[in-house]
Amino acid sequence: MTAAELAEVIRQKAKGRGRYLVALAGPPGAGKSTLAAELVARIGPGAKSVPMDGFHYDDAVLIARGARARKGAPDTFDVRGFLHLLQRLRVEDEVAIPLFDRDLEISRAGAAILTSQDQILIVEGNYLLLAEAPWPETLPFFDLTVWIDVPQAELERRLQERWAHYGKTPDEARAWIDSNDLPNIRRVVAGSIAADLVLQA
């Protein structure tokens, strides 16, 4: 299935359904944000992306908890806050959402506004299908779930490029991938429930 085909599937399934939430899940480096943006562009007016990354705990919180070196792991997100957002998206016309600024390494509260015109929401994140409490509590809010399947070698290549872009040396990028990204990749790939649709990327 291509991105164009997936966009058409979503468009057809969402017809007459009110607000329609799609979970777009996959491991770090799978291209979730890129695909979400492409889907929104292909679907057109009424579609918006909602990144889970806006619920990263702040570095100060992670440092206090001794978890900064594991930033990006399932327990370094405000899952309950994310659940509350999903609940609001189901019942409220206008909802402010946080966005994660990777350049600043911080989440910005109220960085975007969803309105009643935004009926197809592409919710993207690593752990939307993770079968570890409390993540499965997100599942009832989604009308469709999609998994992006990418070979591990390609994930590592993309992550090496990502961290180079954000200023890490090749050795620093490799060390972060080995100590942080790869454990998260293995955890999410092995521990996620089957999606309704799988996209090879």
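Values in this text are rule-based calculations from the coordinates and carry no lab data. Predicted model only: the values in this text are computed from it and were never measured. FYI the Cβ positions are ideal-geometry reconstructions off the backbone, even for glycines, and counts take in every protein chain you see.
Remarks
- Relative to one another, the C-alpha centroids of the stretch 1-26 and the stretch 70-107 are positioned 21 Å apart.
- Note that the stretch 30-37 has calculated 3J(HN,Hα) couplings of 6, x, 4, 5, 5, 5, 4, 5 Hz, one per residue in order, obtained from phi through the Karplus relation 6.51 cos²θ - 1.76 cosθ + 1.60 (θ = phi - 60°); glycine and proline are x.
- Cβ-based net charge around Val61, under 12 Å, with every Lys or Arg adding one and every Asp or Glu removing one: -1
- For Lys71, distant residues with modelled amide H under 5 Å away: none
- Of the residues Val123, Val9, the one with the fewest other Cβ atoms within 10 Å heads the list, and the complete ranking is Val9, Val123.
- Here the Karplus curve 6.51 cos²θ - 1.76 cosθ + 1.60, taken at θ = phi - 60°, turns the phi angles of the stretch 138-150 into couplings of 6, 4, x, 7, 9, 8, 8, 10, 10, 10, 9, 9, 9 Hz, with x standing for Gly and Pro.
- Cut-off 14 Å between beta-carbons: net charge of the residues surrounding Leu128, Lys and Arg +1, Asp and Glu -1: -4
- Listed values for the stretch 164-170 are Karplus-derived 3J(HN,Hα) couplings in whole Hz (6.51 cos²θ - 1.76 cosθ + 1.60, θ = phi - 60°), namely 5, 4, 8, x, 7, 5, x, and x replaces Gly and Pro.
- Entry note, the stretch 1-74: relative contact order of 27 percent, from Cα contacts under 8 Å with a spacing of 6+ residues.
- Counting only aspartates and glutamates at least 8 places from Lys48 when in the same chain, those with an alpha carbon closer than 16 Å to its own are Glu8, Glu38, Glu92, Asp93, Glu94, Asp118, Glu124, Asp143.
- Counting all C-alpha pairs of the stretch 61-125, share separated by more than 14 Å (%): 66 percent
- For the chain, the relative contact order is 32 percent, taking Cα pairs closer than 8 Å that sit 6 or more residues apart in sequence and dividing their mean separation by the residue count.
- For the stretch 92-201, diffusion coefficient by Stokes-Einstein and Kirkwood Rh (Cα), 10 °C, 1.306 mPa s, µm²/s: 97 µm²/s
- Within the chain, the percentage of alpha carbon pairs spaced more than 24 angstrom apart rounds to 39%.
- Less than 5 angstrom separates the built amide H of Thr145 from those of Ala23, Asp196, Leu197, all sequence-distant by 5 or more or on a different chain.
- Restricting attention to the stretch 3-200, close to 30% of DSSP beta bridges with both partner residues there are antiparallel.
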